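Asker: Below are the structure tokens for one structure; questions will follow.
Any read-out appearing in this document is the output of simple, stated calculations on the displayed coordinates, not a laboratory observation. Since this is a predicted model, take the numbers as computed values, not measurements. Glycine gets a Cβ as well: all are built from the backbone with ideal geometry, and neighbour counts include every protein chain shown.
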Amino acid sequence: MSEQQPNDRLQCRWVKPLVAGAGPRYVQIADLIGDAIRTGELSHGDQVPPQRILATALGVDLTTVTRAYGEARDRGLIASFSGRGSFVTSTEETAGEVRIDLSMNIPAQPSERSIANLALAAMEEVFKRQGDRRLSAYDTGDSNLSAIQAGQAWLRPAIGDLANGNLVMSAGTQAAIYAALQSTSQKGESVLCEPLTYPGFLLATRKLGLNAVTVKVDEHGATPESIEEMHRTTNAKVIYLNPTLQNPTTRTMPEKRRSDIANTLLKLKMTLIEDDPYWFLLNDAPPPLVTFTKGARTYYMASLSKCLWPTLRTSFVLMPVGEENNSFLESLRSSGMGGSPLLYGLTEHWIRTGVARQIVLEVQGEARARQTLARSILPKNACSHPSGLHTWLALPSNWNRQVFADTLEQRGIIVATSDAFSAEENPENGVRISMGGAASQSDLAHALQQISSLLMEDRRRTRTIV
């Protein structure tokens with residue numbers, strides 16, 4: 001360790017020499033911080049040394065310490081504030097805990113086998129069948145006819161013969177939503193949505209300069225009367241809806257409501273963007289909205305990353321029936337020239353061989369097991385579906401959602417607050433808990449118990465670090 005001034009030595013009293021060959025130095029430094037917290041040498045609220053002082057003390061360059069502090073922040077050990085420095089946010093009891101990220105809404109992977117290994121085994125067949133030349137080409141979304149035919153077979157249980165229509169593929173639903181908005185709306189126009197909705201949709205509206213305007217909802221979701229009222233008020237031509245296992249509230253719109261909304265949209269000549277990533281996870285899901293509009297003025301989007309495998313960022317998009325869709329296709333291509341031919345090839349292979357259906361069944365089983373676990377631990381007001389990927393938890397009045405999430409993060413648990421989903425200035429006071437983020441059911445049980453215990457505490461005031 002390098003020569004230090006007395007005050008510097010005091011700040012670095014917990015620091016120990018790094019060990020050559022014991023792993024990356026930035027990881028060792030983050031480990032030192034965690035060890036110091038566990039031994040009580042650093043306590044909650046203590047300031048850790050400025051990066052230059054610690055770099056001098058350890059004889060490393062500044063970038064190594066910068067990276068180490070980033071690693072410590074990722075572990076929930078410290079928090080950094082501009083102009084003030086970095087402070088310990090963890091405690092002796094929580095410093096050794098593994099962070100469990102329940103903020104990303106991904107499908108829980110089956111415990112019995114590795115989907116990654118299934119993918120590796122399938123890749124050889126994909127290369128044999130399609131060849132290196134085809135897999136190296138750009139895919140424009142509508143050029144891979146064999147994959148599109150597989151997609152038609154995949155969607156037929158949900159939308160019937162409509163699947164034979166104008167189907168294309170997209171590198172995930174986010175790109176398709178952006179393309180649909182860009183091709184149907186002009187800057188400054190309004191687009192209707194529910195008060196809490198998919199963050200990717202909200203991001204797209206902001207980037208395109210569109211106004212996301214909310215409609216009223218009840219226990220079944222958006223109401224036809226409110227859609228008609230807001231159409232008259234704002235002259236909105238487009239609405240975005242996620243009617244099955246709505247993200248984040250978990251609502252599933254019943255069949256009668258879907259029929260009524262479809263009739264309203266057809267009467268108003270409005271365009272519908274239907275985002276339907278969870279339909280295949282529900283055995284009792286009502287028919288998609290597109291079946292009631294008969295495909296007219298409707299973009300129907302079905303992602304595979306939510307019901308199969310997060311890495312499979314592939315979405316089938318049914319474009320409006322009886323319309324010229326060049327504008328949408330141009331927007332889709334401008335965002336990245338389609339998706340990966342390799343992923344499209346894997347998608348096609350899994351659908352044609354029946355592997356995709358089998359994975360869905362296994363994901364369903366794992367999701368049910370995790371939701372059963374959640375219902376045994378979380379309070380009764382938590383909203384979920386027995387085979388859904390997430391749970392919506394409305395917080396009691398004594399908890400501010402951001403303070404609740406920040407406190408959980410100190411304890412190694414990450415959830416998503418309603419702010420990320422809100423199209424309004426004052427969102428509901430709640431959090432979304434995604435069941436697939438935990439590596440195992442035991443990790444999930446630990447995280448849910450932390451959440452349940454925290455709900456019993458009273459944190460009316462905003463937490464500060466001094």
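Asker: Would you mind ranking HIS390, HIS44 so that the residue whose beta carbon has the fewest other beta carbons within 10 Å leads the list?
Answerer: HIS44, HIS390
Asker: Applying the Karplus parametrisation 6.51 cos²θ - 1.76 cosθ + 1.60 with θ = phi - 60° to the phi angles of region 22-30, what ³J(HN,Hα) value in whole Hz is obtained for each residue in order, glycine and proline being reported as x?
Answerer: Once rounded to whole Hz, the list reads 9, x, x, 5, 5, 5, 4, 5, 4.
Asker: From the Cα gyration tensor of region 10-74, with a ≥ b ≥ c the square roots of its eigenvalues, which class applies: rounded if a/c is under 1.5, or else prolate if a/b is larger than b/c, or else oblate?
Answerer: Since a/c stays below 1.5, the shape of region 10-74 is classed as rounded.
Asker: Of all DSSP beta bridges in the chain, what percent run antiparallel (nearest 5)?
Answerer: 60 percent
Asker: For ASP35 and GLN441, what does the FRET efficiency come to when R0 = 41 Å and r is the distance between their Cβ atoms, rounded to the nearest 0.05?
Answerer: 0.85
Asker: Once a ≥ b ≥ c are taken as the square roots of the eigenvalues of the Cα gyration tensor of region 309-441, is the result rounded (a/c under 1.5), prolate (a/b larger than b/c) or oblate (a/b not larger than b/c)?
Answerer: Here region 309-441 falls in the oblate category.
Asker: If you add up the charges near PRO107, with Lys and Arg at +1 and Asp and Glu at -1, over every other residue whose beta carbon is less than 11 angstrom from its beta carbon, what do you get?
Answerer: Taking every other residue near PRO107 into account, the sum is 0.
Asker: I want the local charge near LEU162. Using Cβ-Cβ distances under 11 Å, sum +1 for each Lys or Arg and -1 for each Asp or Glu among the other residues.
Answerer: That works out to +1.
Asker: When a footprinting reagent is the concern and you count Cβ atoms within 10 Å, what order do LYS380, LYS128, LYS216 take, fewest first?
Answerer: Ascending Cβ contact count within 10 Å gives the list LYS380, LYS128, LYS216.
Asker: Using a basic spin-label model with each label point 7 Å from the Cα along Cα→Cβ, how many nm lie between ILE377 and LEU454?
Answerer: Result for the modelled spin labels: 1.3 nm.
Asker: Follow-up question, since we're still on this one. Report, in degrees rounded to the nearest 10, the 0 to 90 angle that the Cα long axis of helix 224-234 makes with the longest principal axis of the chain.
Answerer: 80 degrees
Asker: Percent relative contact order of the chain, based on C-alpha pairs within less than 8 angstrom and at least six residues apart?
Answerer: The normalised contact order for the chain reaches 20 percent.
Asker: Give me the angle, in degrees from 0 to 90, between the Cα long axis of helix 401-410 and the longest principal axis of the Cα atoms of the chain, rounded to the nearest 10.
Answerer: Once rounded, the angle reads 50 degrees.
Asker: When ASP31, ASP406, ASP419 are ordered from fewest to most other Cβ atoms inside 10 Å of their Cβ, what list results?
Answerer: Ordered from fewest to most neighbouring Cβ atoms within 10 Å, ASP31, ASP406, ASP419 come out as ASP419, ASP406, ASP31.
Asker: Spin-label point model (7 Å from Cα, Cβ direction): what's the LEU342 to ALA20 distance in nm?
Answerer: 3.9 nm
Asker: Let me ask you something else. From the cross-link list LYS128/LYS306; LYS237/LYS380; LYS187/LYS380; LYS128/LYS294; LYS269/LYS380; LYS207/LYS294, which pairs have alpha carbons spaced over 32 Å apart?
Answerer: LYS237/LYS380; LYS187/LYS380; LYS128/LYS294; LYS269/LYS380
Asker: Ok, one more. Which number do you get for Rg(Cα) / (2.2 N^0.38 Å) in the chain?
Answerer: Here the answer is 1.10, to two decimals.
Asker: Grab the DSSP H runs of the chain that are 4 residues or longer, score each as -39,500 (n - 2.57), total them, divide by all residues and round the 222 nm result to the nearest 500 deg cm²/dmol.
Answerer: Helix contribution divided over all residues of the chain: -13500 deg cm²/dmol.
Asker: Please list the non-local residues whose amide H lies under 5 Å from the amide H of ASN211, H modeled 1.01 Å from N, same-chain partners needing a gap of 5 or more.
Answerer: Answer set, sorted by chain and number: GLY188, GLU189, SER190, VAL191.
Asker: Considering amide H positions built from the backbone, and no H for Pro or chain starts, which residues 5 or more places from ASN166, or on another chain, come under 5 Å of its amide H?
Answerer: HN-HN under 5 Å from ASN166: MET319.
Asker: While we're looking at this one, here's another question. Find out how many positive minus negative residues lie around VAL217, taking Lys and Arg as positive, Asp and Glu as negative, among other residues whose Cβ is under 9 Å from that of VAL217.
Answerer: Its environment carries a net charge of -1.
Asker: Kindly express, to the nearest 10 degrees and within the range 0 to 90, the angle between helix 145-159's C-alpha long axis and the longest C-alpha principal axis of the chain.
Answerer: Helix 145-159 sits at roughly 80 degrees to that axis.
Asker: Once the piece of chain linking ASN211 and LEU361 is laid out straight, how much longer is it, given 0.36 nm per residue of separation minus the C-alpha distance between them?
Answerer: 50.1 nm
Asker: Can you pull the Kirkwood radius for region 115-356, inverse mean 1/r over Cα pairs, to one decimal in Å?
Answerer: Roughly 18.2 Å, rounded to one decimal.
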